[in-house]
């Protein structure tokens, strides 16, 4: 084992796929050395029992709450399921389509909740991965689960969409797929953004459907290059639900759009406030109505955007034209949040219930402590509006009030990184 390394198929991709296996088994997860964990099978009989018991409960709840039509998949082979990620219940839709336990890849946040994380592990054994960082252990666990005969499920986006359009996918998914060598079930969820946008707390009344849209056999992709395979996966899973039809109704259609929006087309960086089906800029008063067909209508004046995707793209364009060094003296934004330190794969330690956070063009300050962007490993958004800040040796989690916008921290951090790493024309802002 000391000389084992990941296969050559992963050469040329991030260090995640090239890490010596000797290092993997020195890592501790939940206090248990990985070399000891490996002696125990990942797949357990209880996983099938749990799935069997939950199936008749989850099905009616999913159909009633989401109005979803779920297509069953009668193919009982071991496989790799790849899906587009639109709602908080996507994993349950997948479970309802298949007749066996499925092992999902999940972020470290699920595994850092103390005793609750232990219960989740015992019941369904998801595969942990560190969000937006290199995590060789996640890759090795996938290979291990596949070797034991388990079916895996991965959302290549790693994020739920804010805008309705499928998020960025990491091309590194392709060499992993090729190494696993399993049939690929491409699972498409349609209508999910209309029913439950990431930025909203409410479920809208509307119709959605979920099921396998295509099966790609191993012999079909064996001769494809990683780049060609990735493009096939990306194309098949891509959705633009901001432009698709259907109506989704609720009295509070626009509520908490301020979790997504922080740039006004009239006055630039700002904050928003939403009520009912309307959202308003707190600086200049620009107001928009979000309609059941997912389009926007200006109130009192015309709006330059027809959909939230248009606004999201306009917001990204504004950030990509922004010079971060213009705001190093005064903060762009100030928030008050619940600040915790995450002990990865174990627990969260609450540091303070009321931390002052200040966002500058080149750094973030937590209760006066400066964290320059150049010294951070990543800033990510989790769930609807939580924010993780990865320093060299610590992981902080920010959880604001219901109107807190975590997205701006991610995108402004990535704008700074693009400029300072020589990719000034780079458009990718983290999602």
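When 260, 105 are sorted by how many other C-beta atoms sit within 10 angstrom of their C-beta, beginning with the fewest, the order is 105, 260. If both residues of a DSSP beta bridge must be in the chain, then about 75% of such bridges are antiparallel. The order of 323, 362, going from fewest to most other C-beta atoms within 10 Å of their C-beta, is 323, 362. Taking 7 Å steps out from each Cα toward its Cβ at residue 231 and residue 54 produces label points 3.8 nm apart.
Against the main long axis of the alpha-carbon atoms of the chain, helix 136-147 sits at an angle near 40°. Please give the FRET efficiency for residue 329 paired with residue 168, using the beta carbon to beta carbon distance and R0 = 25 Å, rounded to the nearest 0.05. According to the calculation, E is roughly 0.20. What angle do you read, to the nearest 10 degrees and between 0 and 90, between the alpha-carbon axis of helix 115-124 and the longest principal axis of the chain? For helix 115-124, the angle is close to 50 degrees.
Averaging the Cα positions of each part gives two centres, and for segment 241-307 and segment 151-198 these lie 27 Å apart. For segment 385-407 versus segment 72-86, the inter-centroid distance based on Cα atoms is 32 Å.
Ranked for footprinting exposure by Cβ neighbours inside 10 Å, fewest first, 303, 96 give 303, 96. Note: relative contact order over the chain, using C-alpha pairs below 8 Å and six or more positions apart, is 13 percent.
In this label model, residue 214 and residue 402 are separated by 4.1 nm, measuring between points 7 Å along each Cα→Cβ vector.
Once the Cα atoms are used to define both axes, helix 45-66 deviates from the longest principal axis of the chain by about 30 degrees. Estimate the FRET efficiency between residue 78 and residue 295 by the formula 1/(1 + (r/R0)^6), using the beta-carbon distance for r and 30 Å for R0, to the nearest 0.05. Efficiency, rounded to the nearest 0.05: 0.10.
Mean-square fluctuations from a GNM of the chain, with a 10 angstrom spring cutoff on Cα atoms, peak among 235, 166, 87 at 235. Once every DSSP H run of n ≥ 4 in the chain is given -39500 (n - 2.57) and the sum is divided by its residues, what mean residue ellipticity at 222 nm do you get, rounded to the nearest 500 deg cm²/dmol? Result for the chain, helices only: -7500 deg cm²/dmol. Each label was represented as a point 7 Å from its Cα along the Cα-to-Cβ direction; for residue 40 and residue 356 these points are 4.6 nm apart. Please find, in a Gaussian network model of the chain (springs between Cα atoms separated by less than 10 Å), the residue of 306, 44, 64 whose mean-square fluctuation is greatest. Between 306, 44, 64, it is 64 that shows the largest mean-square fluctuation.
Taken together, the values in this text are just the output of simple stated rules run on the coordinates, not laboratory data. Since the structure is predicted, the reported quantities are computational estimates derived from the model, not experimental observations. Glycine also receives a Cβ, built like all others from the backbone with ideal geometry; neighbour counts cover every protein chain displayed.
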